[in-house]
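The values are calculated or read from the model by the stated rules, or taken from the named source; none is laboratory data. Keep in mind that this is a model prediction, so the values were computed, not measured. Note that each Cβ is placed from the backbone with ideal geometry, even for glycine, and that neighbours are counted across all protein chains shown.
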Amino acid sequence: MSHCLSALGVEHVVIERGQVAERWRTQSWDSLGLLTPNWMTRLPGFQYEGSDPDGFMSIPDLIALFDRYAARSRAPVIPNTSVVAVEPVERRFRVVTDRGTWLADSVVIATGYSDLPAVPAAGDKLPASVTQVVPKDYRRSSQLPPGGVLVVGASSTGVQLADEIQQSGRQVTLAVGRHLRLPRRYRGRDILWWLDQLGVLSQPIETVHSIEISRHQPSLQLVGRPDHSSLDIGMLQDRGVQLTGRVRAINGFEVTLADDLIASAAAADLKMAEILTRIDRYIGLVGMETDDAEPFRPTWPSATDAPERLDLKAEGIKTVVWATGYRRAYPWLRVPVLDESGEIVHDGGFTTQFGLYVLGMNFQRRRNSSFIDGVGADAWTIAEHIGRSMVGTRVA
Ligand SMILES: Cc1cc2nc3c(=O)[nH]c(=O)nc-3n(C[C@H](O)[C@H](O)[C@H](O)COP(=O)(O)OP(=O)(O)OC[C@H]3O[C@@H](n4cnc5c(N)ncnc54)[C@H](O)[C@@H]3O)c2cc1C
């Protein structure tokens, strides 16, 4: 956003409660790598040009990249400064921080889609002797108390953590909900290369049947590892992970599970088969030379023996990892733009309050709006609107 505003000559500041790339500095686990290949690290005025375009960036390398990008863009970042209130005053906004107040004609909220962990209320029913961990606080398996681990959620985070913890020698049980299974590579190319070619990632909101349904799709079940391997629930079961359906209820050590594992696995298999068929058709249409299609191994047969109850005490499970996604909260936003669930109501990033925008939301304007690769296009749209409608920022 700052890069685009600068390019358009709009005076601005970037207020950040920590440092540039704060979330990546303080809320990533040690083994995390980007799940998007390096060539997808595209930002306004920046394109990855290193020697490993198909590799997956480590988080320390990503932080260094954001530092360089901010410096090169001369982004006027004010670090270690938390916004504590944004309120309308006449036709502007008063932005109150713990280190001073600004008056701004426009405000772009870029506090992130993956802001806070979304932990089901059932978590409150677990006994205090069971440790609960959310991904932002997880660093490595050795930090967990000895014993078995229940990982809840099988999207990108859940499968990575289940695999890592199981490989460290503990028994993992994985409660699987809806997920979007994808192979890492297909017919000789990264799966995201194909989705990029097909225009799936940059698909605009106007072309989807229901934006509400699309915004609630699970995230991609992908991992970025040096060997470009895939990870799915069938592989996890082969490695000894016990699979179950969704967590329905918790009462002390007793966890009730839904009888939906086959349905979730079969739905993910079907969706993946549909995507691969689209790729096959595209290859046929453009007449590309590619590798042969890999054999398709469905995951639903791994789902047939799921228990309906789990006694955490009897199973020796001492930790529950909630890989159940994210929510957002804006307690500092004193502008009436939130719906009853506390989400910002917006149309492609434009709120109903003139001059107030949001950036980085899931499927904000395109499917990849909350990805590094997609946020730039949305930032340009909003920056151009700001450029047309405002004159600058003044210190109060
Ligand atoms: C585990 C995980 C893996 C991911 N992997 C990928 C990937 O491989 N590729 C990809 O493209 N995307 C990935 N993403 C998505 C990723 O979140 C986005 O791509 C992108 O980094 C989000 O950037 P952002 O600036 O919108 O939000 P954030 O990175 O969340 O930044 C928001 C910033 O706002 C600051 N802030 C919040 N509240 C306040 C306040 N009140 N006052 C001042 N500052 C405040 C925070 O400190 C933070 O620095 C991943 C996300 C997660 C959670």
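Data table
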| quantity | calculated |
| --- | --- |
| Residue match in region 191-207 (condition: over 17 Å from Phe56 (Cβ atoms), touching a Ser or Thr at 6+ places or on another chain (Cβ under 7 Å) and either of a type in the set (Lys, Arg) or not in a helix (DSSP H, G or I) (or both)) | no |
| Flag if Pro53 is surrounded by fewer than 19 Cβ atoms within 10 Å (Cβ to Cβ), of a type outside the set (Gly, Ala, Ser) and under 26 Å from Gly349 (Cα atoms) | no |
| Flag for Ser210 being modelled with pLDDT of 95 or more, out of contact with any Asp or Glu (no Cβ under 9 Å at 6 or more places or on another chain) and not acidic (Asp, Glu) | no |
| Any hit, region 168-185, residues being assigned to a helix (DSSP H, G or I) and of a type in the set (A, V, I, L, M, F, W, C) | no |
| Residues of region 72-99 that turn out to be under 20 Å from Ile386 (Cα atoms) and hydrophobic (A, V, I, L, M, F, W, C), as a count | 6 |
| Tally of residues being part of a loop (DSSP other than H, G, I, E, B) and under 20 Å from Leu43 (Cβ atoms) across region 61-94 | 5 |
| Output for region 136-163, where each listed residue is within 16 Å of the ligand (Cβ to nearest atom), assigned to a helix (DSSP H, G or I) and surrounded by fewer than 18 Cβ atoms within 10 Å (Cβ to Cβ) | Lys136, Asp137 |
| Residue within region 219-233 that is assigned to a helix (DSSP H, G or I) and under 27 Å from Leu261 (Cα atoms) present | yes |
| Residues of region 315-367 satisfying the condition of being within 12 Å of the ligand (Cβ to nearest atom), closer than 20 Å to His385 by Cβ and either at pLDDT below 95 or outside any strand (DSSP E or B) (or both) | Gly349, Leu359, Gly360, Met361, Gln364 |
| Leading residue by the ranking (nearest to the ligand (Cβ to nearest atom)) among those in region 16-60 that are of a type in the set (Ser, Thr, Tyr) and in a loop (DSSP other than H, G, I, E, B) | Thr36 |
| Residue in region 69-77 that is in contact (Cβ under 8 Å) with a residue 24 or more places away in the chain, within 11 Å of the ligand (Cβ to nearest atom) and more than 28 Å from Pro218 (Cβ to Cβ) present | yes |
| Sole residue being modelled with pLDDT under 95, surrounded by 15 or more Cβ atoms within 10 Å (Cβ to Cβ) and among the small types (Gly, Ala, Ser), chosen from Ser230, Ser219 | Ser219 |
| Count of region 95-135 residues which are assigned to a helix (DSSP H, G or I) and touching a residue at least 12 places away in the same chain (Cβ under 8 Å) | 4 |
| Which numbered condition Met272 misses (of (1) closer than 30 Å to Leu312 by Cβ; (2) in contact with a Leu (Cβ under 7 Å, 6 or more places away or on another chain); (3) assigned to a helix (DSSP H, G or I)) | (1) |
| Out of Val200, Val241, sole residue that is over 20 Å from the mean Cα position of the chain (by Cα) and of a type in the set (A, V, I, L, M) | Val241 |
| Tabulated pairs, region 312-329, first under 14 Å from Ile165 (Cα atoms) and free of Cβ contacts under 8 Å to residues at least 12 places away in the same chain, second part of a helix (DSSP H, G or I) and within 16 Å of the ligand (Cβ to nearest atom), C-beta under 6 angstrom, 6+ apart or interchain | none |
| Some residue of region 39-46 being farther than 25 Å from Ile15 by Cα and either buried (at least 19 other Cβ atoms within 10 Å of the Cβ) or out of contact with any Gly (no Cβ under 9 Å at 6 or more places or on another chain) (or both) | yes |
